[in-house]
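The values are calculated or read from the model by the stated rules, or taken from the named source; none is laboratory data. Just so we're clear, the structure is a prediction, and the values are computed from it rather than from any experiment. All Cβ positions, glycine included, derive from the backbone under ideal geometry; neighbour counts span all protein chains shown. With ligands, DNA and RNA removed, areas are computed over all heavy atoms of the protein, side chains included. Shrake-Rupley method; radii C 1.70, N 1.55, O 1.52, S 1.80 Å.
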Amino acid sequence: MAEQTTPIEEHSRQVCASFAPAADPRLSEVLQAVVRHAHALVEEVGLTRDEWLAAIRFLTAVGARCDDVRQEFILLSDTLGVSTLLELVNTAPAPGASEPTVLGPFYVPGAPLRSFGDSIVTDPATGGTPLVMTGTVKDLDGRPVRRASLDVWQVQPSGLYDIEEDPSKRNLRSRFETGADGAYRFTTVRPVDYTIPDDGPVGTMLRGTGRHSWRPAHIHFMITADGFKPLVTHLFDESSPWLERDAVFGVRPSLAVDMDDKECVYDFVIEAE
Ligand code: BEZ
Ligand code: FE
C-alpha cells in the first residue's frame, strides 16, 4: 500500500520543488536544504506565531546594528558556532598542518609591513606585558617557506581592538614576511581575555540565554604564500580560564601555547595548494 503523505509533508515538498528549476543548480540545492531544515525546525519545536515574530524582530535588529565597522550577522554566526563549523567543513587541515580557526570581525587588510623583530605596538599608552612571538613557517615536509606573509592582529590590553576605538588606528596589527629561513619574529604585548562586542542584539541573546561573551586571550594570524593554501588561525594563551568556554567556539587544543615566558615560540605548518 502506498504511504500516505501528510499535508505538512506535501506542503514542504511543494516549496522545495518550487526551487528545483533554478538556473543555478547549486543555488537550487542550497535553497531546498534551507526550506527542508527551516520547515523541520518549525515542526520539531512546534514554533508559535509569536515566537516566529520575535525571531523576525531579532533578525531585523541584527541587521540594523550592522554598518561599515560592525557586522552583527557575523557575530551571530560566530556565537551560533556556524563560523567554526564552516572552517571544519571547508578547511580540514592535512595531518601535520596547523589548524585554522575563525577570522573574526577585526581583520583589516593593508596592515603596515614591518621588519623581522619589530614591535607591533604603535600606541605608547598600550601598556601590558611585553612578549616576543617567534618561530618558522614550514611546509608539510618541514622545509622553511620563504616570503610567506603573516598578518597579525590582537586586542589591546584595554580589552578593545584598535579599530573599536578609532577605525583608522593601527595598534597591535602588522604584516611580516619571512626570509629564506622561513622565520618570523615580532615584539608585542601579552594578549588578554576580552569580551566580543555585546552591546547589540547578539549580546542580548547571550545574556538572555545565560551565556557569556568572553574569548580566551589570543593573537590572530593570516598566513599566505605563493603555492600554499592560506591559513587563518589564532594562537591562544594556554593559561586562559576561558579556553574551554570560548564564546565563539574557536579554540583548537593544538593552538594553545605557553605565553608565560618573555618569548613564545610556535612553528606554523602550511599546506601546498
Ligand atoms: C575575534 O577573535 O576577534 C572575534 C572572533 C569572533 C567574534 C568576535 C571577535
Ligand atoms: Fe580576536
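Our estimate of slack between D181 and D261, defined as 0.36 nm per intervening residue step minus the Cα-Cα distance, is 26.4 nm.
Under the simplified labelling scheme, the S115-D50 pair shows an inter-label distance of 6.8 nm, with each label point 7 Å from Cα along Cα→Cβ.
Report the per residue volume, in Å³, of the convex hull enclosing the C-alpha atoms of the range 180-273.
Details: hull volume 12.1 nm³, N = 94.
With only Cα atoms used, the range 180-273 gives 129 Å³ per residue.
A 1.4 Å probe run over the range 72-269, with the rest of the protein chains in place, finds 45 Å² accessible per residue.
Averaging the inverse of every distinct alpha carbon separation and then flipping it gives the Kirkwood radius. What is it for the range 49-90, in angstrom units?
Averaging 1/r across every pair of different Cα atoms and inverting gives 11.5 Å.
Using heavy atoms of the protein chains and a probe of 1.4 Å, the accessible area assigned to M133 is about 0 Å².
P(r) for the range 7-47, from all Cα pairs and a bin width of 10 Å, is 31, 50, 17, 2 %, short bins first.
Determine the share of the range 7-47's accessible area contributed by carbon and sulfur atoms, expressed in whole percent, with a 1.4 angstrom probe.
64
Express as a percent, rounded to the nearest 5, the fraction of DSSP beta bridges in the chain (both residues included) that run antiparallel. Approximately 75 percent, going by the DSSP bridge assignments. Here the Gaussian network model covers the chain, with springs between Cα atoms less than 10 Å apart; of T187, T79, T129, T129 fluctuates the most.
Can you send over the carbon and sulfur percentage of the accessible area for the range 209-265, probe radius 1.4 Å, protein chains only?
That fraction is 54 percent.
Taking amide H as placed 1.01 Å from N in the peptide plane, T136 has its amide H under 5 Å from the amide H of Y184, Y266, D267, F268, each at least 5 places away in sequence or on another chain.
What the Cβ-Cβ distance of A20 and V42 gives, at R0 = 30 Å and to the nearest 0.05, is a FRET efficiency of 0.90. How many angstrom lie between the Cα centre of the range 34-99 and the Cα centre of the range 135-206? The range 34-99 and the range 135-206 have Cα centres spaced 25 Å from each other.
Seen from every direction in turn and averaged, the convex hull around the alpha carbons of the range 134-193 projects onto 4.9 nm².
Each principal axis of the Cα cloud of the chain was taken in turn, and the coordinate range along them, longest first, works out to 73, 41, 32 Å. Normalised per residue, the accessible area of the range 7-47 is 76 Å², obtained with a 1.4 Å probe and no contribution from ligands, DNA or RNA. Computed over the range 54-183, the P(r) curve from all C-alpha pair distances, binned at 5 Å from the origin, holds 2, 8, 14, 16, 18, 16, 14, 7, 3, 2, 1, 0 percent per bin. Taking 0.36 nm per residue of separation and subtracting the current Cα-Cα distance, fully stretching the chain between D67 and A272 would add 70.2 nm.
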